[in-house]
Amino acid sequence: IIVNVDNNLPDVVPTAFTPNGDGNNDVFKVSGITFQKMVDFRVYNRWGQEIFRTSNPEIGWDGTYHGVPQDIGVYNWTIIVSHPNDGNKVFKGNVTLIR
């Protein structure tokens with residue numbers, strides 16, 4: 001039996017979210033992490049300031065920074081995941097905050 005392990009980005013990283021309190025897409029987080037371990041997940045504003053950080057895949061960004069709702073716009077993120085036999089991999093992208 002041959003087992004192929006896919007070391008790509010976890011299955012679900014949204015490209016937009018709407019933290020408006022309606023219960024749908026209110027939190028930006030990574031889903032689909034299976035055999036990997038999330039080492040670090042960060043979100044940055046357009047000036048490169050880190051506004052969110054976690055290593056817990058169950059926790060996501062709610063669109064605020066120090067309790068203040070952030071502006072509509074595009075935010076950059078980085079995710080570092082650890083693979084059992086392949087070390088750490090860094091993924092980068094962006095997400096659009098829509099209100």
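In region 48-71, the residues that are under 24 Å from G32 (Cα atoms) reach residues that are open to solvent by 60 Å² or more (accessible area, probe 1.4 Å) and β-branched (V, I, T) with C-beta atoms within less than 7 angstrom, at least six apart or across chains, in these pairs: G60/V27; W61/V27; D62/V27.
In region 37-63, which residues are within 14 Å of the chain's Cα centre (by Cα) and among the polar types (S, T, N, Q)? Steps first, please.
Narrowing region 37-63 to residues within 14 Å of the chain's Cα centre (by Cα): 37-45, 50-63.
Across region 37-63, the qualifying residues are N45, T54, S55, N56.
In the set G67, G87, G48, which member is open to solvent by less than 80 Å² (accessible area, probe 1.4 Å), modelled with pLDDT of 95 or more, out of contact with any strand residue (DSSP E or B) (no Cβ under 7 Å at 6 or more places or on another chain) and over 19 Å from A16 (Cα atoms)? Spell out the reasoning first.
Details: G87 fails: modelled with pLDDT of 95 or more; G48 fails: over 19 Å from A16 (Cα atoms).
Step by step, each of G67, G87, G48 is checked, and only G67 is open to solvent by less than 80 Å² (accessible area, probe 1.4 Å), modelled with pLDDT of 95 or more, out of contact with any strand residue (DSSP E or B) (no Cβ under 7 Å at 6 or more places or on another chain) and over 19 Å from A16 (Cα atoms).
For the criterion of being of a type outside the set (G, A, S), surrounded by 11 or more Cβ atoms within 10 Å (Cβ to Cβ) and at pLDDT 95 or above, F35 fails.
The values are calculated or read from the model by the stated rules, or taken from the named source; none is laboratory data. Note that the coordinates shown come from a computational prediction; the quantities given were computed from them, not determined experimentally. Here the Cβ is made from the backbone with ideal geometry for all residues, glycine too, and neighbour counts use every protein chain on show. These accessible areas exclude ligands, DNA and RNA; they are computed on the full protein's heavy atoms, side chains included. Shrake-Rupley method; radii C 1.70, N 1.55, O 1.52, S 1.80 Å.
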